[in-house]
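Peer 1: One structure is given below, represented as structure tokens, and several questions about it will come after.
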Amino acid sequence: MTQNARPEKLRSASRWIYRGVWGVLVRWFRVPEHPPELPCLPGDSLESFRPAEGFLGYLKLQFWLGFAVLGGFGCFVWLAVLVASPVAGLVAALPLAALMATLAAAFYLAIHLRFDTTWYVMTGRSLRIRRGIWVIHETTITFENVQNVEIDQGPLQRWFGIADIRVDTAGGSQPQPGNQAATAAGGHRGLIEGVRDAARIRDLILVRLRSSRTAGLGDEHETDPIANFGWTPMQLAVLREIRDGALAIAGAPPSVDAASI
């Protein structure tokens, strides 16, 4: 067996195990496997998407960095116990290793579950976000209620080629700092995490926001059809003909000033 074939077999085995666990959890917790539904008008576009693959790598890197800190602390405690009492240190070595392996497997599984249960659906009028497996949070945001759309991208996110999009809506209480997931679930902020084409999605939201009947960024006068409406000379001529015909039928002279129409 070649050196490249062995890691590939390990990855295939891990994927097989994960799909089995995923299937069990889907049945137990009734987790939807398909994207959420969103009402769509005839002729309207509907786009369903999920976080990019780079988001999974980003979550894994965060996990391994945190696990390295936790593992280093655990090793330090074990060495201290070993120095103080060699027998106690040797006895505690196996349970400590089993505990660390269990925590690593649990958190690693949680990362994949978080990635696989996140969905975004967008139409011309609204956005729906769904995430979660134990508690499923589903948020719907109407574009005409949107106040602000921003892109957040840290150094690690730039490395993986991903970014987050924050969609803030009008009304409601102020979101709690540092609690973006809960805020998104409460409906005051929608958080689109780990997407590769963040600029395109942001611009698409802004275009659909401006095309709504009431815009949310203070540009109502730009989308008001009455304020921007003007009569053409041909339309005015037709209206005058209709006026004169109606007056002739009524037997009244056309006393209305033509300049008034």
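The values are calculated or read from the model by the stated rules, or taken from the named source; none is laboratory data. Just so it is clear, the structure is predicted and the values come from calculations on it, not from any experiment. When we count neighbours, we look across all protein chains shown, and the Cβ atoms used for this are built from the backbone with ideal geometry, even at glycine. These area figures cover heavy atoms from the full protein model, side chains too; ligands, DNA and RNA do not enter into them. Shrake-Rupley method; radii C 1.70, N 1.55, O 1.52, S 1.80 Å.
Peer 1: Taking +1 at the Cβ of each Lys and Arg and -1 at the Cβ of each Asp and Glu, which of VAL77, THR117, ALA104 sits farthest along the dipole of segment 25-180 towards its positive end, judged by Cα position relative to the Cα centre?
Peer 2: VAL77
Peer 1: Could you check the spin-label model distance between LEU79 and LEU61? Points 7 Å from the Cα along Cα→Cβ, value in nm.
Peer 2: Taking the two extended label points, one gets 2.8 nm.
Peer 1: While we're looking at this one, here's another question. By accessible area of protein heavy atoms, probe 1.4 Å, what ranking do TYR120, TYR58, TYR108 get, highest first? Each step should come with its number before you reach the end.
Peer 2: Numbers: TYR120 0, TYR58 35, TYR108 80 Å².
Ranked list, largest accessible area first: TYR108, TYR58, TYR120.
Peer 1: So what are the ³J(HN,Hα) numbers for segment 33-44, from phi and the Karplus equation (6.51, -1.76, 1.60; θ = phi - 60°), rounded to whole Hz, Gly and Pro as x?
Peer 2: 8, 9, x, x, 8, 9, x, 9, 6, x, x, 7
Peer 1: Oh, and also: Quick query: amide H of GLN147 versus all other amide H atoms, modeled in the peptide plane; which residues come in under 5 Å with a sequence gap of 5 or more or a different chain?
Peer 2: ASP168, THR169, ALA170
Peer 1: At what distance in nm do the modelled label points of LEU206 and LEU94 sit from each other, each positioned 7 Å from its Cα along Cα→Cβ?
Peer 2: 6.3 nm
Peer 1: Further question on the same structure: Taking amide H positions as placed in the peptide plane 1.01 Å from N, state which residues far from SER126 in sequence (5 or more) or on other chains have amide H under 5 Å from it.
Peer 2: Here PHE143 satisfy the definition.
Peer 1: What would the Debye equation give as log₁₀ I(q)/I(0) for segment 108-169 at q = 0.12, 0.20, 0.28, 0.30 Å⁻¹, counting only Cα atoms as equal point scatterers?
Peer 2: -0.39, -0.97, -1.13, -1.15
Peer 1: Turning to a different aspect of this structure: Can you tell me how much longer the chain between HIS34 and ALA237 gets when fully stretched, taken as 0.36 nm per residue apart minus their C-alpha distance, in nm with one decimal?
Peer 2: Values: separation 203, 0.36 × 203 = 73.08 nm, distance 5.68 nm.
Full extension of this stretch gives 67.4 nm more.
Peer 1: Tell me, what is the per residue accessible area of segment 50-141 in Å², probe radius 1.4 Å? Show your work: numbers first, answer last.
Peer 2: Working: 5050 Å² over 92 residues.
Per residue, segment 50-141 has an accessible area of 55 Å².
Peer 1: Ranked from highest to lowest mean number of other Cβ atoms within 10 Å per residue, what is the order of the peptides 33-41, 202-210? The partial results should precede the final answer.
Peer 2: Numbers: 33-41: 12.3, 202-210: 16.7.
Those peptides, ordered most packed to least, come out 202-210, 33-41.
Peer 1: Further question: Counting only protein chains, not ligands or nucleic acids, how are SER211, SER85, SER126 ordered by accessible area (probe 1.4 Å), most first? Spell out each step's value before the answer.
Peer 2: Working: SER211 90, SER85 45, SER126 15 Å².
I get SER211, SER85, SER126, largest accessible area first.
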